[in-house]
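The values are calculated or read from the model by the stated rules, or taken from the named source; none is laboratory data. Just so it is clear, the model here is predicted, and its values are computed rather than measured. Positions of Cβ are generated from backbone atoms using ideal geometry, with glycine treated the same way; all protein chains shown enter the neighbour counts.
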């Protein structure tokens with residue numbers, strides 16, 4: 001029986017890597033996408049191959065539609081199919097609102113929201129041929145709550161969540177299930193770019209009703225549920241995984 005294939009964007013490390021490892025354990029072959037760290041991507045690929053997966057490593061800035069098309073061409077040549085898309089790659093300029101420039105806005109929106117549209121279009125064409133598939137994106141609570149220096153990212157994630165709803169409806173006739181996972185503050189490599197990282201983590205831990213901050217594994221757990229057949233009737237939703245912090249006023 002032909003093995004199923006999953007693409008996880010931005011999967012050389014962090015949450016994307018956690019999800020890729022879990023998919024490998026479930027028997028999927030993997031496409032590992034990265035933008036900068038080839039060494040980390042190859043190390044991740046080696047871990048996945050040790051779990052029995054065939055792995056394709058692709059360098060691509062998913063903020064550029066032509067790079068997305070090239071990536072999917074490589075997927076066609078290597079696997080000839082795609083069953084899962086995890087839209088995880090993210091970036092953003094972290095500055096006060098009054099210091100933002102057009103280039104900061106465009107860079108962040110391209111990678112965090114435009115990428116989902118064009119990756120989903122390409123993925124859907126492949127998924128339809130094999131009877132359907134699953135798409136899950138990673139968002140953050142900055143889409144619905146104010147976070148300091150987070151304007152560009154927060155707005156781009158809000159767009160991602162809105163697009164998730166539209167994709168869920170329009171791709172449903174192809175038997176494609178689309179959802180998102182939104183996390184609270186997670187101590188990953190991405191957070192090192194925050195100018196107020198230590199204060200943010202300490203405050204998040206203090207205020208979270210669950211008594212600890214969210215970990216990458218928590219988001220991976222929820223993503224894996226949404227990628228399973230058990231979640232087939234959950235459509236266009238953004239599941240918040242934040243230990244309850246957004247419930248507080």
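Listed values, structure above:
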{"read-out": "Residue count, region 77-99 (criterion: over 24 Å from residue 56 (Cα atoms) and surrounded by 16 or more Cβ atoms within 10 Å (Cβ to Cβ))", "value": "3"}
{"read-out": "Residue list for region 6-28, filter: closer than 20 Å to residue 129 by Cα and either free of Cβ contacts under 8 Å to residues at least 60 places away in the same chain or out of contact with any helix residue (DSSP H, G or I) (no Cβ under 7 Å at 6 or more places or on another chain) (or both)", "value": "28"}
{"read-out": "Qualifying residue in region 183-192 (condition: exposed (fewer than 14 other Cβ atoms within 10 Å of the Cβ), part of a helix (DSSP H, G or I) and modelled with pLDDT under 95)", "value": "yes"}
{"read-out": "Residues of region 71-108 satisfying the condition of being in contact with a helix residue (DSSP H, G or I) (Cβ under 7 Å, 6 or more places away or on another chain) and assigned to a helix (DSSP H, G or I)", "value": "72, 97, 104, 105, 108"}
{"read-out": "Pair list, Cβ < 6 Å and 6+ apart or interchain, from region 158-175 residues that are touching a residue at least 12 places away in the same chain (Cβ under 8 Å) and at positive phi to residues that are surrounded by fewer than 20 Cβ atoms within 10 Å (Cβ to Cβ) and not in a helix (DSSP H, G or I)", "value": "175/132"}
{"read-out": "Looking only at region 57-70, and only at residues there that are assigned to a loop (DSSP other than H, G, I, E, B) and over 20 Å from residue 44 (Cβ atoms), the one that is farthest from the chain's Cα centre (by Cα)", "value": "64"}
{"read-out": "Answer from 108, 151 - the residue that is closer than 29 Å to residue 203 by Cβ and under 15 Å from the mean Cα position of the chain (by Cα)", "value": "108"}
{"read-out": "So residue 146, is it over 18 Å from the mean Cα position of the chain (by Cα) and either under 19 Å from residue 248 (Cβ atoms) or assigned to a helix (DSSP H, G or I) (or both)", "value": "yes"}
{"read-out": "Residue 68, sole failed condition from (1) closer than 26 Å to residue 159 by Cβ; (2) touching a residue at least 40 places away in the same chain (Cβ under 8 Å); (3) buried (at least 22 other Cβ atoms within 10 Å of the Cβ); (4) in contact with a strand residue (DSSP E or B) (Cβ under 6 Å, 6 or more places away or on another chain)", "value": "(4)"}
{"read-out": "Complete set of residues in region 71-95 that are at pLDDT 95 or above, over 18 Å from residue 2 (Cα atoms) and out of contact with any strand residue (DSSP E or B) (no Cβ under 9 Å at 6 or more places or on another chain)", "value": "73"}
{"read-out": "So residue 17, is it closer than 26 Å to residue 103 by Cα and not in a loop (DSSP other than H, G, I, E, B)", "value": "no"}
